[in-house]
Amino acid sequence: AQSVTQPDIHITVSEGASLELRCNYSYGATPYLFWYVQSPGQGLQLLLKYFSGDTLVQGIKGFEAEFKRSQSSFNLRKPSVHWSDAAEYFCAVGVWSGTASKLTFGTGTRLQVTL
Amino acid sequence: DGGITQSPKYLFRKEGQNVTLSCEQNLNHDAMYWYRQDPGQGLRLIYYSQIVNDFQKGDIAEGYSVSREKKESFPLTVTSAQKNPTAFYLCASSMNSGANVLTFGAGSRLTVL
């Protein structure tokens, strides 16, 4: 079975600083990988996804992520963080079973942005 | 605009009572899902459905039940058999044609008093 590890429970960065959120996955084949963001009390919004092809993917709000097969990683980055980026971020690995897309989520990383 | 509507946003219930959470989508998606979210545990899959009148258990189905009588609707019942029902519940949907993105609703927070 697939699994996802987000080793950082909580990260604090200053506004304008760069950001990297770590994600490691375990899956026997090439996975489908996602990053979602969640504001308090809200649902999840897709930031970006990797299915195949270019290993550097661009998403919304200036985020990007790089798939590294050799490290089983899919880290999320942003060059300059804005105060509005404070939220919880979830990495997920998707498995297409032939009938449905089943996602396995990491435990999340809460981002705090200081002014 | 298309989307997923979950209701109610907040729900309180006494121990021993069943409660049903509503999930409606107008995205014309085939598949629908229910996830449970607890602090520090991420999201865990409860049930999912690929087509009308069919659904499958996820990783933590015990104490829950679902139905899929219409393509647009996928209600979740939290039964009295669920030992720790207080949580945030998220409904999602996707197309049924490959590894597709899940679209999520805004969630329902259930508190058992």
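Summary table below
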{"read-out": "Filtered residues of the stretch B:61-73 (kept if in a loop (DSSP other than H, G, I, E, B) and either touching a Leu at 6+ places or on another chain (Cβ under 9 Å) or more than 14 Å from every other protein chain (Cβ to nearest Cβ) (or both))", "value": "B:Ala61, B:Glu62, B:Gly63, B:Ser67, B:Glu69, B:Lys71, B:Glu72"}
{"read-out": "Those residues of the stretch A:74-115 which are surrounded by 14 or more Cβ atoms within 10 Å (Cβ to Cβ), farther than 21 Å from A:Thr12 by Cα and not β-branched (Val, Ile, Thr), in sequence order", "value": "A:Ala92, A:Gly94, A:Trp96, A:Ala100, A:Ser101, A:Lys102, A:Leu103, A:Phe105"}
{"read-out": "Yes/no for B:Ala106 being in contact (Cβ under 8 Å) with a residue 12 or more places away in the chain, within 13 Å of chain A (Cβ to nearest Cβ), assigned to a loop (DSSP other than H, G, I, E, B) and not β-branched (Val, Ile, Thr)", "value": "yes"}
{"read-out": "Any hit, the stretch A:51-62, residues being β-branched (Val, Ile, Thr), under 25 Å from B:Pro39 (Cβ atoms) and touching a Leu at 6+ places or on another chain (Cβ under 8 Å)", "value": "no"}
{"read-out": "Count of residues meeting criterion [within 11 Å of chain B (Cβ to nearest Cβ), closer than 25 Å to A:Trp96 by Cβ, in contact with a Gly (Cβ under 8 Å, 6 or more places away or on another chain) and not in a strand (DSSP E or B)] in the stretch A:1-49", "value": "3"}
{"read-out": "Enumeration of residues in the stretch A:57-108 that are among the β-branched types (Val, Ile, Thr), out of contact with any Lys or Arg (no Cβ under 8 Å at 6 or more places or on another chain) and assigned to a strand (DSSP E or B)", "value": "A:Val93, A:Thr104"}
{"read-out": "Residue list for the stretch B:74-100, restricted to those being among the hydrophobic types (A, V, I, L, M, F, W, C), within 14 Å of chain A (Cβ to nearest Cβ) and under 25 Å from B:Asn53 (Cβ atoms)", "value": "B:Phe74, B:Leu90, B:Cys91, B:Ala92, B:Met95, B:Ala99"}
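Residues are listed down the side, and each one gets a yes or a no for (1) touching a Pro at 6+ places or on another chain (Cβ under 9 Å); (2) charged (D, E, K, R); (3) in a loop (DSSP other than H, G, I, E, B); (4) in contact (Cβ under 8 Å) with a residue 60 or more places away in the chain:
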position	(1), (2), (3), (4)
B:Leu21	yes, no, no, yes
B:Asn28	no, no, yes, no
B:Gly40	no, no, yes, no
B:Leu45	no, no, no, no
B:Asp54	no, yes, yes, no
B:Asp59	no, yes, yes, no
B:Ala81	no, no, yes, no
B:Tyr89	no, no, no, yes
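The numbers here are math on the coordinates, done by the rules we state, and not lab data. Just so it is clear, the structure is predicted and the values come from calculations on it, not from any experiment. Every residue, glycine as well, gets a Cβ built from its backbone with ideal geometry; the counts of neighbours run over all protein chains shown.
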